[in-house]
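The values are calculated or read from the model by the stated rules, or taken from the named source; none is laboratory data. This one's a predicted model, so the numbers in the text were calculated from it and none came from an experiment. Backbone-built Cβ (ideal geometry, glycine too); neighbour counts: all protein chains shown. With ligands, DNA and RNA removed, areas are computed over all heavy atoms of the protein, side chains included. Shrake-Rupley method; radii C 1.70, N 1.55, O 1.52, S 1.80 Å.
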Amino acid sequence: MKFARKLIPMLFASLVPTLSMANDYVWPEAQTRLIGDNPVHIIKPGEHLELIAKQYNVGFLALMSANPGADPYLPKPGTFVTIPQQVILPDVDYEGIVINLAELRLYYFDPENQKVHIFPIGIGSVGRETPIMKTKISQKRENPTWTPPASLRKEYLEERNIVLPDVVPAGPENPLGTHALRLAYGTGSYLIHGTNKDFGIGLRVSAGCIRMRPDDIVWLFDKVALGEKVRIINEPVKTTYEPDGSVFVEAHRPLSIDESEVGKRVLTQPDPLIAHWLKSNQMNFSRYRAALAVQSGVPIEVGNAFAQNTAAPEGAAEL
């Protein structure tokens, strides 16, 4: 009965097309990092996972990870698909833009309006990784031009026999889309920008920049100011201890660091401190290991400290 009460409203949400699909969340309450929920979508004839990812504004890989048995191109009509919109917030200060490379998400923290906005992104491919950084927005450009770096022009010529121009003007052929935010990091070569393509969001496909869907970059462009703080992190595993005693783990597939790892499952080893805490308090260590192995990208409850009469660790929202 408890399961049915949770399932019915989620199913109802998936059947009402007029509901807003913007992934914005109420500012988290004190000592909690778990926000949102995971609605269920029922596959309709002709739908595929990329289409559903766009509808709910989640990344393609995130949707696949949350639904490992679903055919991404020809899913069976009537199949239930979990939409990964429940998240554990990264362990960072809640200000400005925060990008977690491992989960292919951009967070925009808006304390003035008490909102957290979350967007799927594309990031640098293997060999052209988006770097970890603390920086700020140094420039805002509408209808940007694109200057392909010499290394990229050489790669396109040698591997694809395509001659890239020195400068690509603004317009429908520009891969930066209609808006770009330049980061102050290094020589200023990294951007948060839009795209002129229908794919690549939620994937590792860029030359190092952060790619957003066209409507998302327009929203963010209008929202942020010059000097806005930007932090890029790489946290494939997030853990939270919630005020009600529940302990959740959200595990993503770690980023491949070279071509030899592409297509292979890269496992994250259990954190010794978390493992010790779970074991010493008779909590479900095996469920923790399973979450790390499955890498669903969805928060999984691994136990409840209150049920075990266990004292909360220091820092109620973090293990």
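Our summary gives the chain a relative contact order of 19 percent, counting only alpha carbon pairs under 8 angstrom and 6 or more residues apart. Distant-in-sequence amide contacts of G208, defined by a placed amide H-H separation under 5 Å and a gap of 5 or more residues or a different chain, comprise G124, S125.
If you sort E142, E235, E95, E173 by accessible surface, 1.4 Å probe, largest first, the order is E173, E142, E95, E235. Near Q139, the amide H atoms lying under 5 Å from its own belong to R182; only residues 5 or more places off or on other chains count, and H is placed 1.01 Å from N. For the stretch 90-220, the share of accessible area belonging to carbon and sulfur comes to 50 percent (1.4 Å probe, ligands and nucleic acids excluded). Our estimate of slack between K140 and Q282, defined as 0.36 nm per intervening residue step minus the Cα-Cα distance, is 45.9 nm. Which parts of the stretch 186-209 would a label at E173 reach, counting a residue when its backbone N lies under 12 Å from a point 7 Å out along Cα-to-Cβ? Counting only backbone N, you get no residues. How much net charge surrounds A184 when only the other residues with a Cβ under 11 Å from the Cβ of A184 are counted, with Lys and Arg +1 and Asp and Glu -1? So the environment of A184 carries a net charge of +3.
In the context of the full set of protein chains, the chain has a per residue accessible area of 51 Å² (1.4 Å probe). For A225 and V205, the FRET efficiency from 1/(1 + (r/R0)^6), where r spans their Cβ atoms and R0 equals 35 Å, is about 0.75. With each label modelled as a point 7 angstrom along the Cα→C-beta vector, the Q269-A30 pair spans 3.9 nm.
Around the amide H of V168, modelled in the peptide plane, lie the amide H atoms of W146, T147, all under 5 Å away and 5 or more residues distant in sequence or on another chain.
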